[in-house]
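The values are calculated or read from the model by the stated rules, or taken from the named source; none is laboratory data. Please read all numbers here as calculations on a predicted model, not as lab measurements. A quick note on method: Cβ atoms are made from the backbone with ideal geometry, for glycine too, and the neighbour counts reach across all protein chains shown. Surface areas here come from the heavy atoms of the whole protein model, side chains and all, with no ligands, DNA or RNA. Shrake-Rupley method; radii C 1.70, N 1.55, O 1.52, S 1.80 Å.
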Amino acid sequence: PPFATTAPLFIMAEKIPYKTLIVEAITNLADRTGSSFPAIEKYILANHPAFNYVRTRARAALKKALESGDIARHHQHANSYKLVKKPAPPKKKKPAKKKPAAKK
């Protein structure tokens, strides 16, 4: 055939949820004052070049993560975002075994 080539005609885009990418970016940027949206965007574009990035979808995912409580705005830097540390579930204590009463 005239169009047969050994190389693929297009690269398959990565299929990763935006929320996962945003969490990965915030984790790896590790800024104590939080990560700004432009920094998150720059990280995603640099580390996932095959990802078909759409800014409006990323903003929607960030907004949804804020509403669900997975990500929070930094208290002093309004346009920076941090991960919310989830408290560990309390461990259940086993009931203490009763010692048999001593015979008199």
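A compact table of results
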{"read-out": "Conditions (1) touching a strand residue (DSSP E or B) at 6+ places or on another chain (Cβ under 7 Å); (2) free of Cβ contacts under 8 Å to residues at least 40 places away in the same chain; (3) surrounded by 14 or more Cβ atoms within 10 Å (Cβ to Cβ); number of the one not met by Y53", "value": "(1)"}
{"read-out": "Residue list for the stretch 67-104, restricted to those being under 30 Å from F37 (Cα atoms), over 19 Å from the mean Cα position of the chain (by Cα) and open to solvent by 100 Å² or more (accessible area, probe 1.4 Å)", "value": "H75, Q76"}
{"read-out": "Every pair of residues 6+ apart whose Cβ atoms lie under 9 Å, when the first sits in the stretch 66-93 and is under 20 Å from I40 (Cβ atoms) and modelled with pLDDT under 75 while the second is open to solvent by less than 100 Å² (accessible area, probe 1.4 Å) and not hydroxyl-bearing (S, T, Y)", "value": "H77/G34"}
